[in-house]
Amino acid sequence: MPSTPPVSPSAELQEDRSRLLALAGSGLAVGAVAGLVGSAFNFSLIAAERLRGSLLEWAHHYPTLGWFIPAVLAAAAAFVARWLVRRYAPEASGSGVQRVEAVIRGEAGRLNPAVLPVKFVGGVLALAAGLALGREGPTVQMSAAIGDAWARIFRLRPGDHRALLAAGAGAGLAAAFNAPLAGAIFVFEELLRRFELRAAVATLSACSGGLVIMRMMLGNHLVFTVPPIEVDLFPGYFLFFAAGAVMGVLGVLYSHMVVAGLDLAERMRRISPEVQAAIVGAVVGLIAFFAPRAIGSGESEVQAMLDGGHAFATVATLLVVRLVLGPLSYAPGLPGGLFAPLLAIGSAAGLLLGMGAESMVPALVTPLAAFAAAGMGALFVAVVGAPLTGIALVVEMTGATTLFVPLLTACASALAVPALLGCRPIYDTLRDRDALRRADDPTK
C-alpha cells in the first residue's frame, strides 16, 4: 500500500494561511451580527428610557399616589427579567463576562443559545426599570453566544471555536461603547490573559465588523465629550497618582460590596430570586420618582460630571447613592453589566477629588473634567484589574488623547493598591463563585 506523500512546508504554510483568512472572514461575520444585535439592544434601551421618562413625568402630576406606579412597574419588570433568567438561561444572570471567561478556559460547558434572547429581553427590562446596571455585560455575552453559534454551525476546530467566542465578546464591548481598540484589548487582557495569533485575527476582524454595523445604525459619535485638557507637570501628575490610590481603595470597597450583596441574596433562600428582584425594582422605582437622575446606568450623569457645574454636596450625594445602588441592583442576579455603573461612580469620585485639590491648590490649572475622566478609568482598573482596557476605553469614549498620561499615572496606583490589599479582580471572584454554584447544581 503506497505511503502518503509528505506535505511540503509551502503547502503547510498555504493551508495555515487559508485557515487564517477563513477565520478572519468568520470574525467579520460574527462581528457584523454582534453589531446588529448590539445596536438593536441599544435602540431598545433608548426607547425604554424615553418611556420611563414619560411615565415619571405623568406620575408627577399626581404627587399623592404618583410614586406608586413607577415602583410597581419597576418591580414587575425586574420580576419578569429574573424569571426569564431562572427559567430559560441561568448563566445569563449578572454581567455574564465571568461566564464567557469560564467557557473560554474550559471551566464551563458551552453557552446556552437561549442566552441571547434572555439577555436581550431581560436586559431591556432590567435597565428600563432603572436599575444601576450596564448595557455592556449583556452585549458582551450575547455577542460571545453569536461567536459560539457560528463556530458550531460551521463545525470549526476547537481552537478557532474558542477564538471566535472571544472575538464575539470583544466585538460586543466595542459596539457597546464605540471603542474598537478597547474591545480588542479586552479579549487579550481579560478573557484570554495572553496574546494568540488566531484569536487576534478573529478579534480584530470581529471588532471592525461590529463597529461598521454599529456606526451605520447609530452613527459614529463619542460616548462622552470633554473640554480641552492640559495637565500641569506639578502638582498635576502627582495629584493623579494620589487620586489613583484613593480609587484603588474605593475599588476594593466596591468589590466587597458587590460580593456582600450576592452573599446576602444567597442567604435569603426563603425569598425567591424573582421576589428579591421585584423588591429591588420597587426601591429603584421609588428613587426614580424622587430623584430620577440617580438611577439607571449613569451615563448621562457621567457627562454631567465631565461638563462640571455640580456642587460638591450634590456630587457627594450621587456618589453615595450610586455606591449603594450598584451592588443592590446586581445582587438579585438580574441581567446587566458592571462597567457603566463603575464609570458613573469613578467620575463622581474623581470630580470630588479634583474639587478638593482645586480648593487646596488655587493655582492648579488642570481642569476638573480631567479628574472625572481619570476617575472613571482608575476605578475600572481597581475593580476589574485590566489597566490597558480601562485606559483605552476612556480615551476612545471621550476622544481625548491628552488623557493618556493622566490615566497611566492614576491607573498605576489604582492597580497597585488592590493588589497590596489582597483584593482580586472582580471577574475572577465572580467566576470562582459561579464554579462553586455549578459544582452544587450542574444545571446552572
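We did not get these values from a lab; they are worked out from the coordinates using the rules stated. If you're wondering where the values come from, they're calculated on a predicted model, not measured in any experiment. Using ideal geometry, Cβ is built from the backbone for each residue, glycine included, and neighbour counts are taken over all protein chains shown.
Once Lys and Arg get +1 and Asp and Glu get -1 on their Cβ, which of Ala179, Leu250, Ala265 lies farthest toward the positive end of the dipole of the chain?
Of Ala179, Leu250, Ala265, it is Ala265.
Taking 4 °C and 1.567 mPa s as the conditions, I'd like the Stokes-Einstein D for region 236-440 in µm²/s, using the Kirkwood hydrodynamic radius from alpha carbon pairs.
So the translational diffusion coefficient is about 74 µm²/s.
Using +1 on the beta carbon of Lys and Arg, -1 on that of Asp and Glu, and nothing else charged, what's the dipole of region 16-218 about the Cα centre, debye to 20?
Magnitude of the dipole: close to 460 debye.
Residue by residue, what Karplus-based ³J(HN,Hα) values in Hz, rounded to whole numbers, does region 190-207 have, using 6.51, -1.76 and 1.60 with θ = phi - 60° and x for Gly and Pro?
Those phi angles translate into 10, 7, 9, 6, 6, 8, 10, 4, 5, 5, 5, 4, 5, 5, 4, 5, 5, 5 Hz.
Relative to the first principal axis of the alpha-carbon coordinates of the chain, what is the inclination of helix 426-440, with its axis defined by its Cα atoms, in degrees from 0 to 90 and to the nearest 10?
Compared with the principal axis, the helix lies near 70 degrees.
For region 110-190, what is the relative contact order in percent, using Cα pairs closer than 8 Å and at least 6 residues apart in sequence?
27 percent
What is the Cα radius of gyration of region 16-218 over 2.2 N^0.38 Å, N being its residue count?
Relative to the 2.2 N^0.38 Å estimate, region 16-218 comes out at 1.10.
Residues with amide H under 5 Å of Leu222's amide H, sequence separation 5 or more or different chain, H placed in the peptide plane at 1.01 Å from N; which?
Hits under the 5 Å cutoff: none.
Would you be so kind as to identify which of Tyr237, Gly66, Leu125 lies farthest towards the positive end of the dipole of the chain, taking Lys and Arg as +1 and Asp and Glu as -1 on Cβ and the Cα centre as origin?
Leu125
For the pair Arg193 and Ser272, what calculated FRET efficiency results from E = 1/(1 + (r/R0)^6), where r is the Cβ-Cβ distance and R0 = 60 Å, to the nearest 0.05? Working shown, then result.
Numbers: r = 36 Å, r/R0 = 0.61.
For R0 = 60 Å, the calculated efficiency reads 0.95.
Connecting C-alpha atoms closer than 10 Å in a GNM of the chain, tell me which of Leu342, Leu368, Leu218 has the biggest fluctuation.
Of Leu342, Leu368, Leu218, the most mobile in the Gaussian network model is Leu218.
Output the 0 to 90 degree angle, nearest 10, between the alpha-carbon long axis of helix 68-88 and the longest principal axis computed from the alpha carbons of the chain.
The two axes meet at around 20 degrees.
Report the charge-dipole magnitude of the chain in Debye, nearest 20, computed about the Cα centre from +1 at each Lys and Arg Cβ and -1 at each Asp and Glu Cβ.
Charge dipole, the chain, about its Cα centre: 1220 debye, nearest 20.
Between 0 and 90 degrees, rounded to the nearest ten: what's the tilt of helix 339-360 against the longest Cα principal axis of the chain?
Roughly 50 degrees, rounded to the nearest 10.
On a full-extension model of 0.36 nm per residue, what is the gain between Leu51 and Val361, subtracting their alpha-carbon distance, rounded to one decimal in nm?
Roughly 107.1 nm would be gained on extension.
Give the Kirkwood hydrodynamic radius (Å, one decimal) of the chain, defined as one over the mean of 1/r across all pairs of different Cα atoms.
Hydrodynamic radius (Kirkwood, Cα only) of the chain equals 22.2 Å.
Going by the alpha-carbon gyration tensor, a ≥ b ≥ c the square roots of its eigenvalues, is region 113-156 rounded (a/c under 1.5) or, if a/c is not under 1.5, prolate (a/b greater than b/c) versus oblate?
Prolate shape, in that a/c is at least 1.5 and a/b is the bigger ratio.
If you average the alpha carbon positions of region 385-408 and of region 241-264, how far apart do those two centres end up, in angstrom?
20 Å
Using Cα-Cα distances under 8 Å and only pairs 6 or more residues apart, what relative contact order does the chain have, in percent?
After rounding, I find 23 percent.
Would you calculate, for the chain, the mean residue ellipticity at 222 nm contributed by helices, counting each DSSP H stretch of 4 or more residues as -39,500 (n - 2.57) and dividing by all residues, to the nearest 500?
-25000 deg cm²/dmol
Using the 2.2 N^0.38 Å rule of thumb for compact globular proteins, work out how region 238-333 stacks up: its C-alpha Rg over that value, please. If you can, show how the numbers build up before the last one.
Working: Rg = 15.6 Å, N = 96, 2.2 N^0.38 = 12.5 Å.
Compared with the compact-globule rule of thumb, region 238-333 sits at 1.25.
May I ask you to derive the relative contact order of region 236-440, considering only C-alpha pairs under 8 Å and at least 6 residues apart, and to give it as an integer percent?
Relative contact order, region 236-440: 32 percent.
Which of Thr314, Leu364, Pro341 sits farthest toward the positive end of the charge dipole of the chain, with +1 on the Cβ of Lys and Arg and -1 on the Cβ of Asp and Glu?
Pro341
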